[in-house]
Each structure stands twice: as C-alpha cells, then as structure tokens.
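Readers should treat all values here as calculations from the given coordinates under stated rules, not as data from a laboratory. Just so it is clear, the model here is predicted, and its values are computed rather than measured. We place every Cβ from the backbone using ideal geometry, glycine too, and count neighbours over all the protein chains shown.
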Protein chains: 2
Amino acid sequence: MPKYAIGVDLGGTNLRVAAVDGHGSLREKVTLSARNSAGRDAVIQEMCQAVASLGARFGKADLSGIGIGVPGVIDLAKGILRESPNLPGWAEYPVKAEIERRLGATVFLENDANAAALGEQWLGAAKGVADTAILTLGTGIGGAVIFGGKIWHGMTGMAGEFGHMTLNPEGPVCKCGNRGCLEEYASATAVVRMARDVGLARGGSTAREVYELALAGNDAANGVFHRVGKALGIAVANLINALNLPLVVVGGGVSEAWDLFAPALFDELRWRSMVYRAAGGATRVTKALLGGDAGIYGAARLAMPKN
Amino acid sequence: MPKYAIGVDLGGTNLRVAAVDGHGSLREKVTLSARNSAGRDAVIQEMCQAVASLGARFGKADLSGIGIGVPGVIDLAKGILRESPNLPGWAEYPVKAEIERRLGATVFLENDANAAALGEQWLGAAKGVADTAILTLGTGIGGAVIFGGKIWHGMTGMAGEFGHMTLNPEGPVCKCGNRGCLEEYASATAVVRMARDVGLARGGSTAREVYELALAGNDAANGVFHRVGKALGIAVANLINALNLPLVVVGGGVSEAWDLFAPALFDELRWRSMVYRAAGGATRVTKALLGGDAGIYGAARLAMPKN
C-alpha cells in the first residue's frame with residue numbers, strides 16, 4: 001500500500017518538489033530555482049534528482065507516483081505539453097514518458113492552475129465540495145473548473161480561462177488580443193497598471209506595494225482594490241449565472257488582499273447575479289486557503305490511488 | 001418494450017403535447033391554447049386529456065412515460081416548480097405526483113430551455129455531441145449546459161442563465177436587476193428596443209418586422225442584427241474560454257436571423273476567445289435545427305429508457 005506521492009510545481013521561476021502523504025501532510029519540500037535559462041534538459045535533470053532524493057528518503061516501495069503541475073496546455077493522452085509560453089522548448093517534448101523512464105514511477109501531468117484547484121479541493125477552501133470554480137490571481141489570471149470532484153478539461157484541455165472573460169468590450173487591450181479581459185482588472189499586473197493610472201507611480205511598482213499603501217490608508221490604493229473587487233464580482237456573477245455552482249474560490253497572490261476587495265466583489269455579485277440571489281445563502285465565494293502550496297498538494301493528489 | 005413517449009411543452013401561450021417514438025419520429029402533435037388565465041387546474045385538465053387521448057390512440061402498454069418541459073425553476077427531487085413567473089399559481093404545486101396520479105404513467109419534469117437542449121442533442125444541432133451549451137433567444141434568453149450527455153442543473157436547478165451574463169457593466173437595465181445583460185442585446189425584446197433606438201419605430205414593432213426590414217435591405221435594421229451578433233460573439237467567447245466546449249448552439253425565434261447576425265458573431269468570437277483560436281476549427285458554433293419543436297422532442301426523450 002503506497003504511503004505517499006511526490007508533487008512537483010514547475011513554475012516559471014521556481015521548481016518545487018515535495019513528498020505528501022495520503023492524509024495531505026507535507027513531509028518534505030525542496031525549492032529549487034527553475035533555471036529555465038539553462039534549458040529544458042537541465043530543469044528535468046534537477047527535477048529528477050530532487051524526486052529521486054525524496055524517493056530514497058521515504059522509500060521507493062511506498063511511493064504511489066509523481067504528479068507534476070506545469071504552466072501550459074497539456075495533452076493528457078500523450079503526456080506532453082502542447083503549448084507553454086513560460087517553458088520555451090518544452091512543447092511536444094514527451095515529459096511524462098521521459099520522467100517515467102528515468103525514475104521508474106508513474107507520472108501524472110496537469111496544468112498548474114488545475115493542480116492548484118485540486119489541492120484546494122482536497123485540503124483547502126473547496127474541501128468536500130464536488131463542484132467548484134477557482135480563479136487564480138497572479139501575474140495573469142488562471143482558472144479551473146471541477147465537476148464531480150474532477151477537473152473539467154474541455155475539448156482541448158484549455159477550460160478555465162476565466163482571466164480572459166470580457167468584462168468591458170472597450171476596455172484595455174489584453175495580451176491575449178481581446179479588450180477588457182478580467183486579467184486587465186484583477187491580476188497583479190493590472191493592480192500595478194491601475195495604480196499607475198491614478199498617479200501612484202512611486203511606491204506602487206509592485207502589487208504588494210500597492211497593497212501596503214492601501215493598508216496604510218492611501219485612498220487611491222484602496223480605490224485600485226475596489227476596482228479589483230468590482231471586476232471579480234462581475235466575473236463571479238457570470239460564472240454563477242451560467243453554472244449555478246455552490247462555491248467559487250479566489251486564490252493566487254492577489255487574493256491576499258481579499259479583505260480590501262471582497263466588499264466590492266459581494267456588492268457587485270448580489271445585484272448582478274439573479275442565480276446567486278435566488279440560491280440565497282447557499283452559494284459561497286471564498287478565499288483559497290493553501291497559498292502557494294496548493295499546486296504541490298494537488299499534483300501529489302493526482303498520483304495517489306483514488307477511493 | 002415501450003415504443004413511444006409523450007412530450008409536453010407547457011409554454012406561457014401554448015400547450016403542445018406530442019407522441020414521439022424511440023427513433024425520434026413525431027407521431028402526432030396536439031397544440032392547445034394554454035389558457036393560463038383559466039388557471040392551473042384547467043391547464044392540467046387539458047394537458048391530461050390530450051395525453052390520455054394520445055395514450056389511447058398509440059396504446060397505453062407501449063407508453064414509456066411523459067416528459068413535461070415547463071418555464072421555471074424545478075425541484076427535480078420533489079417534482080414541483082419552485083418558481084415560475086409565467087405560470088402563476090404553479091409554484092409548490094405537486095405537478096409530477098398529481099399528473100402521475102391522474103394518468104398512471106411516470107412523469108419527468110424539466111425546465112423548458114433544458115428540454116429544448118436535450119431535443120437538439122438527441123436529434124438536432126448537437127446530435128452525437130456529449131458536451132455543449134445552448135442559448136435560446138426568445139422574448140428573453142434561456143440557456144442550458146449539457147455535460148456528458150446530461151443536463152447540468154447546478155446546485156439549485158438554475159444553471160444556464162446565459163441571458164444574464166454581463167456584457168456591458170454600464171448597459172441598459174435588465175428586468176433581472178443587472179445592467180447590460182446579454183438579454184438586453186440579443187433577445188427578441190432587445191431587437192425591438194434597439195430598432196426603436198435607431199428610429200425604426202414604424203414597421204419595427206416586432207422582432208420579425210425588424211428582421212423583414214433587414215432582409216429588404218434596410219441599413220438600420222441590419223445594424224440591429226449586427227449588434228445582436230456582436231453581443232452573442234462576446235457571450236460565446238466567454239463560454240468557450242471558460243469551458244472549452246466543442247459546440248455552442250444558438251436557438252430560439254431570433255436564431256432565424258442567423259444569416260444576418262452570424263458574421264458579426266464569428267468576427268467577435270475570433271478575436272475575443274483565445275481558446276476558440278487555439279482549438280482551431282475544432283469548436284463549432286451553430287444554429288439550432290429543431291425550431292419550436294425542440295422542447296417537445298427533449299421532453300419525450302426524458303421519458304424514454306436510456307441505453
């Protein structure tokens with residue numbers, strides 16, 4: 001009976017590898033620089049070394065498998081990345097087969113936002129809830145849909161792109177080519193842009209600085225998070241009207257400012273979503289609980305036997 | 001082995017009852033005035049008479065059951081309508097139990113937009129496609145989501161309210177209380193309002209009249225359908241970004257103007273949905289095929305044995 005799995009979160013900056021047991025306890029976590037500049041093979045080499053070292057420590061016989069969360073579009077059937085802007089050189093590379101060959105353990109790939117959602121569903125804000133949507137507010141905005149406890153991948157593995165929901169048809173141009181995407185109002189990048197727009201150039205060059213200014217009572221900085229909340233309220237209203245979900249979870253770095261943007265989010269949600277109102281207090285919208293570790297837990301969960 | 005089912009479409013204006021066989025052939029259809037003014041009991045009386053008469057004609061032994069599509073929110077577990085603005089007096093009434101008692105056959109209730117979606121999935125535009133969303137453009141805009149061949153009801157049976165997706169946060173006030181809902185740009189009601197806004201007061205007092213003016217070459221009337229297409233394009237882009245569906249179907253009376261609004265719909269969809277573009281030609285957006293009979297077919301299908 002396997003006693004643990006290894007979860008890998010392969011970000012654009014960091015590579016994190018952890019051993020997680022079947023109860024969701026993180027036994028050991030290793031954080032490495034992903035060094036994408038050194039190239040794909042160097043990253044895979046480092047990942048395999050870290051996995052092998054954890055495997056040696058906790059016992060190869062007890063290892064159920066390895067789950068890897070990667071930023072990009074995954075072809076689950078083939079075990080490859082189809083597209084990954086943040087991992088140049090990985091497209092079409094047989095990630096699953098190659099790591100399985102090197103380590104002799106079963107590998108499960110998943111998109112990083114989906115892995116984080118699975119983590120929240122296993123151990124975090126969506127624990128015990130079978131149907132949910134999760135928005136991850138980072139540099140960009142990722143998302144995931146879980147129906148019946150499983151990730152909804154969609155036809156080509158790209159479901160959950162809530163960040164590119166049009167909120168304002170004439171709004172700012174988004175890097176996806178559209179205008180007025182949610183990502184232009186509620187990502188960390190958008191927080192900085194909106195802060196600059198209201199003259200917060202100094203002390204507002206990162207989303208965290210804008211957050212700290214807001215906490216210190218700066219009205220303009222608070223106005224930025226009010227806009228974040230309004231935008232999220234519209235997006236969540238659209239999701240609840242369409243899918244009548246019992247729960248929507250908001251995670252990612254920007255969600256640390258939950259207390260600053262949540263009032264505007266709920267104000268907007270209440271008047272814009274008839275389904276939210278009709279369901280009374282039954283729909284919950286809440287902050288993610290696992291922070292940056294959600295992806296590691298979710299990746300590990302992928303590699304565990306399901307009941 | 002039952003050979004047919006009876007499908008009922010209980011609209012605000014008409015009550016339609018039909019015998020449909022297992023191959024999807026409509027054997028006989030009866031259209032009655034719903035006479036809601038005469039009250040719930042009169043409508044149920046008429047419905048039961050029509051069903052009994054079809055049952056007598058095609059044989060009670062061959063009848064698998066009765067499916068009823070109703071406008072409103074259904075409590076599937078209890079077999080009642082929870083809310084139905086168009087059927088006053090029906091809320092909390094035990095529709096399923098009462099009709100089963102009177103007719104001695106199993107009754108299946110479903111929301112009318114969901115029934116129409118099931119019809120399109122059985123015999124129409126979504127035939128053979130397990131995952132789809134359907135928008136029904138009528139006086140208002142209804143919708144339905146089908147995952148794995150089954151209606152996605154959501155937590156309280158209200159999923160599929162695509163008509164109340166916010167397209168323009170500062171747009172016209174919708175009867176749901178929100179501003180700028182899709183319904184304010186792409187329903188029959190919206191077609192008439194937009195026609196009036198551009199001075200088409202005469203000869204533009206029904207959506208059909210605006211349609212005929214557009215067909216006759218009237219630029220302002222064509223502009224109205226261009227706006228319909230743009231609005232639908234944004235809504236469909238949001239749905240495809242969120243769910244990466246292989247198919248979105250557009251039905252309801254306004255969809256008869258497909259040729260007038262489809263070019264603007266696809267123009268908008270292409271630049272606003274990265275998921276649509278990434279999936280290449282694999283995502284289809286198409287017109288419903290069964291017209292006003294979709295709901296009858298879907299209702300009948302509900303009452304047939306599943307393979």
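Give me B:Met274, B:Met47, B:Met155 ranked fewest to most by other Cβ atoms within 10 Å of their Cβ, as a rough exposure proxy. If you can, show how the numbers build up before the last one.
Working: B:Met274 21, B:Met47 25, B:Met155 18.
Ascending number of Cβ neighbours within 10 Å: B:Met155, B:Met274, B:Met47.
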Item to check | Whole-Å distance, taken between Cα centres, linking region A:1-67 and region A:206-258 | outcome: 32 Å
Checklist entry - Which FRET efficiency value, to the nearest 0.05, do you get for B:Arg101 and A:Lys3 by plugging their Cβ-Cβ distance into 1/(1 + (r/R0)^6) with R0 = 60 Å? => result 0.60
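Stretch B:Gln49-B:Glu212 to full length: gain in nm at 0.36 nm per residue minus the Cα-Cα span? Walk me through the numbers on the way to the answer.
Working: separation 163, 0.36 × 163 = 58.68 nm, distance 3.89 nm.
Residue separation times 0.36 nm, minus the Cα-Cα distance, leaves 54.8 nm.
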Checklist outcome for this item: Amide H contacts under 5 Å for B:Glu28, restricted to residues at least 5 apart in sequence or on another chain and with H modeled in the peptide plane, are B:Ala19
Next on the checklist: Per 0.36 nm of contour for each residue apart, how much would the distance between B:Ala220 and B:Ser205 grow if the chain were fully extended, relative to their Cα-Cα spacing?
Outcome noted: 4.0 nm
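Would you be so kind as to identify all helices of chain A, as entire DSSP H runs, whose Cα atoms reach 15 Å or more along the helix's own axis and whose mean Kyte-Doolittle hydropathy is at least -0.5? Write out the running numbers ahead of the final one.
Values: long enough: A:40-58 (27 Å, 0.36); A:112-123 (16 Å, -0.04); A:219-243 (35 Å, 0.79); A:258-272 (20 Å, -0.15).
Passing helices, by number: A:40-58, A:112-123, A:219-243, A:258-272.
How high is the relative contact order of chain A, given as a whole-number percent (alpha carbon pairs under 8 Å, six or more residues apart)? Write out the running numbers ahead of the final one.
Working: 667 pairs, mean separation 64.5, N = 307.
This gives 21 percent for chain A.
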Next on the checklist: Could you compute the longest span of chain B free of trypsin sites (Lys or Arg not before Pro) located in DSSP loops and having at most 16 other Cβ atoms within 10 Å, not counting the site residues?
Outcome noted: B:203-305
Checklist outcome for this item: Excluding residues fewer than 8 positions from B:Lys78 in its own chain, the lysines with Cα under 20 Å of it are B:Lys96, B:Lys150
Next on the checklist: Connecting C-alpha atoms closer than 10 Å in a GNM of chain A, tell me which of A:Ile80, A:Ile141, A:Ile296 has the biggest fluctuation.
Outcome noted: A:Ile80
Checklist outcome for this item: 1/(1 + (r/R0)^6) with r = Cβ-Cβ of A:Trp258 and B:Ala42, R0 = 56 Å, i.e. FRET efficiency to nearest 0.05, evaluates to 0.55
Checklist entry - Which value at 222 nm does the protein assembly as shown reach when only helices count, each DSSP H run of 4 or more adding -39,500 (n - 2.57), with the total divided by all residues and rounded to the nearest 500 deg cm²/dmol? => result -11500 deg cm²/dmol
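Tell me, what is the FRET efficiency for A:Ala56 and A:Arg82 to the nearest 0.05, using R0 = 30 angstrom and their Cβ-Cβ distance as r? Let's see the in-between values first.
On the way: r = 33 Å, r/R0 = 1.10.
FRET efficiency, A:Ala56 to A:Arg82: 0.35.
Where in chain B is the longest stretch that carries no GluC sites (Glu not before Pro) classed as loop by DSSP and with at most 12 other Cβ atoms within 10 Å?
Working: sites that count: B:Glu92, B:Glu170.
Longest run free of exposed loop sites: B:171-307.
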Next on the checklist: With the crude spin-label approximation of a point 7 Å out along Cα→Cβ, what separation in nm comes out for A:Trp271 versus B:Trp271?
Outcome noted: 3.1 nm
Checklist entry - When you look at the Cβ of every residue in A:242-249, what mean number of other chain Cβ atoms sits within 10 Å? => result 6
